[in-house]
Amino acid sequence: MIATALLALQIGATQRYQKVAVVSDQVLASKVGADILRKGGNAIDAAVATGFALEVVHPAAGNIGGGGFMVYRSAKGETFALDYRETAPGKAFREMYLDKNGNPTSESYLGPKASGVPGTVAGFYAAHQKYGKLKWRDVVEPSVQLAERGFAISPSLADGLKDLASKNKQFKGTWRIFGRSGNFYKAGETFRQPELAKTLERIRDKGQSGFYEGETAQAIVDTMNPGNGIITLQDLKNYKPEWRKALTGSYQGYDIVTMPPPSSGGAVLLMMFGMLKNDNLKTMGFNSAATVHLEAETMRRCFADRAEYMGDPGFVEVPLLKLLDPNYLAKRRSEIDLDHASPSSLTKSGLNLGNEKQQTTHFSIVDADGNAVSNTYTLNDSYGSKVTVDKGGFLLNNEMDDFTSKPGSPNRYNLIQGEANAIKPGKRPLSSMTPTILSRNGKLFMVVGSPGGPTIINTVFEAILNVTVHNMTAQGAVTAPRFHHQWLPDEIHYEPFAFTNDTLAILKSKGHTLVKGGGQGSCHVIVIGANGERYVGCDPRLSTAGQDGY
Ligand code: GLY
């Protein structure tokens, strides 16, 4: 059974390019990035151009009103991690989302008060200032054009915009711009965004200050006031991205470069690889009961540590050295009983999967010289806070919900988190985004990342294992069905066709609770072949996803 499934997975043709590749959740954005490379731009130029284009063509998650993380590896092997995560506004405080009875309210995820200070434009600007080759205006211009001239709406975007607008009429910018005041867009219609085009023009002409000062900043603050939002002009002016030392580790001869806190993604990923470093997963087989049990037990333990210890390193001490200590990870591995699931109920806090669609978006880029960018950024929920900056034409994030509103109470993703992630002005909420790059013998090997809230980490983990251990093609690795365990609730969530009935029966007999769910993430990878070819794995779970290159 498994062999047949694997064979089928290899049949999905892997796109191959000789020199450059861009892959994202929207093929139009990938084309913008690849065109920048055709014009002689490098991976950073292409990343900035792709990121701005996603704001235009993938408004559910592409953003200038949110934030994210970029991991970079130059052809020579230099690396950086750029943190442009949103920050809590100056007026934020620990109990700001509790009602008079001390219960969490919906304001952490719906409406203007849910937004952190956006980081995307500052992040892209900083990356470009330091590493860009083309002029700033030339990498922003294609998105101005896309917003001005418009593009044909896909069926999924038409459905998404109708759903967004009809459920959020109270936010007048959202109703007017994305819902066309009730005359909802239909698939195939041209979607022009004149207010967004003007905003992008200001960014094109003035750089970072075209967003954080002047007209755009005022438009954001004007959007705050009718709805109790707290972002001020000063908050916007104060926003700064952080250059961080990328987190590094290894697995089976592959060197891994990934995102450090305030994302938990890279640390949890390296912990999982560290725990499994001596296990022969290849012999155990892809998604066999033995493999799934061992990996789920590993996920359970690492997610337990995530909840307990991780937060913004500018505000709390994250014990990374201890968490990544091989002796600690070996001890954690030795606690796994290969025949029985260990109950998560013995632990005192944890994570839980919510029902809301988790929207974030990832793109992977390799340029002609072999420089690579892995970028994941987000509004948090699909369409973020659902609030559109009326005069600016863009949605704002609801990233404040990634903080702990009340220790022990679940957030939007039913994440139960600890003190380390409590709200403080200027602090960044803990994330799960896991942009990652692998190399082997000093040469670039794989660029990978995904959206999906807490599932991101396990999606990236499984995609890497699929390529490095199970020898799947780039396309096979992202198409293969996935599963997820996050400590609490004590369940393995799995995609349709992830497990045979036999496998399910064995997992149940070991004591696991199994929950069949929908799609997990949208993982885009580029794998470098023996002769330098760029093999693209474009996740088929999102119908608009696509790649471009040459
Ligand atoms: N907003 C989802 C994350 O950052 O993990």
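Every number in this text was worked out from the coordinates using simple rules, so none of it is lab data. If you're wondering where the values come from, they're calculated on a predicted model, not measured in any experiment. Backbone-built Cβ (ideal geometry, glycine too); neighbour counts: all protein chains shown.
Ranking Tyr377, Tyr72, Tyr254 by Cβ neighbours within 10 Å, fewest first, what do you get? Intermediate results must be reported in sequence, preceding the final value.
On the way: Tyr377 30, Tyr72 25, Tyr254 17.
Ascending number of Cβ neighbours within 10 Å: Tyr254, Tyr72, Tyr377.
With a Förster radius of 22 Å, plug the Cβ-Cβ distance of Lys443 and Asn327 into 1/(1 + (r/R0)^6) and report the FRET value to the nearest 0.05. Walk me through the numbers before you get to the answer.
Details: r = 31 Å, r/R0 = 1.39.
My answer for the efficiency is 0.10.
What is the local net charge at His293, summed over the other residues whose Cβ is closer than 14 Å to its Cβ (Lys, Arg +1; Asp, Glu -1)?
On the way: positive: Arg300, Arg301, Arg333, Lys508, Lys510; negative: Asp279, Glu295, Glu297, Glu335, Asp337, Asp339, Asp490, Glu491, Asp502.
Cβ neighbours under 14 Å give a net charge of -4.
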7 Å from Cα along Cα→Cβ at both Ser106 and Ser543: what's the point-to-point distance in nm? 2.8 nm
Evaluated at 20 °C with a viscosity of 1.002 mPa s, what Stokes-Einstein diffusion coefficient in µm²/s does the chain have when Rh comes from the Kirkwood expression over alpha-carbon pairs? 93 µm²/s
Relative contact order for the range 35-110: what percent, with Cα pairs under 8 Å and sequence separation of 6 or more? 14 percent
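Can you list which of the GluC sites (Glu not before Pro) found in the range 99-201 are DSSP loop residues with at most 16 other C-beta atoms within 10 Å? Could you put the intermediate results ahead of the total?
Values: sites: Glu107, Glu148, Glu189, Glu195, Glu201; in loops: Glu189.
Taking the range 99-201 and a limit of 16 other Cβ atoms within 10 Å, the loop GluC sites (Glu not before Pro) found are Glu189.
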If you add up the charges near Ala463, with Lys and Arg at +1 and Asp and Glu at -1, over every other residue whose beta carbon is less than 10 angstrom from its beta carbon, what do you get? -1
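Nearest 0.05, what FRET efficiency do Arg38 and Lys277 give at R0 = 45 Å with Cβ-Cβ as r? Before the final figure, lay out each step's value.
Working: r = 41 Å, r/R0 = 0.91.
Efficiency, rounded to the nearest 0.05: 0.65.
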Between Ser166 and Asp205, what FRET efficiency comes out of the Förster formula 1/(1 + (r/R0)^6) with R0 = 41 Å and r the beta carbon distance, rounded to 0.05? 0.70
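Please rank Phe191, Phe93, Phe394, fewest neighbouring Cβ atoms within 10 Å first, as an exposure proxy. Spell out each step's value before the answer.
Working: Phe191 20, Phe93 12, Phe394 30.
Ranked by crowding around the Cβ, least crowded first: Phe93, Phe191, Phe394.
Can you tell me the relative contact order of the chain? Whole percent, Cα pairs under 8 Å, sequence separation 6 or more. Let's see the in-between values first.
Numbers: 1370 pairs, mean separation 137.1, N = 550.
The value is 25 percent.
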Among Lys39, Lys133, which comes first, then next, by fewest other beta-carbon atoms within 10 Å? Lys39, Lys133
Between Glu95 and Glu78, how many nm apart are label points set 7 Å from Cα along the C-beta direction? 4.9 nm
From a point 7 Å beyond the Cα of Ser250 in the direction of its Cβ, which residues of the range 457-479 have a backbone N at a distance under 14 Å? none
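Provide the percentage of antiparallel DSSP beta bridges, counting only those with both residues in the chain; round to the nearest 5. Write down the numbers at each step before the final one.
Values: 63 of 68 bridges.
Of all bridge pairs located within the chain, approximately 95 percent are antiparallel.
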Under 8 Å for C-alpha pairs, at least 6 residues apart: give me the relative contact order for the range 203-337, rounded to a whole percent. 19 percent
For the range 496-549, which chymotrypsin sites (Phe, Trp or Tyr not before Pro) are both in a DSSP coil and crowded by at most 16 other Cβ atoms within 10 Å? Phe497
At most 12 other Cβ within 10 Å, DSSP loop - GluC sites (Glu not before Pro), the range 258-319: Glu317
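For every helix of n ≥ 4 consecutive DSSP H residues, a contribution of -39,500 (n - 2.57) applies; sum these over the chain, divide by its total residues, and give [θ] at 222 nm rounded to the nearest 500 deg cm²/dmol. Write down the numbers at each step before the final one.
On the way: 18 runs with 188 residues, N = 550.
-10000 deg cm²/dmol, from helical runs alone.
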Please state the charge dipole magnitude for the range 1-141, taken about the Cα centre, from unit charges on C-beta atoms (+1 on K and R, -1 on D and E), reported in debye and rounded to the nearest 20. 480 debye
Answer with one residue from Leu276, Val536, Met472: the one whose Cα lies farthest towards the positive end of the charge dipole of the chain, charges on Cβ with Lys, Arg +1 and Asp, Glu -1. Val536
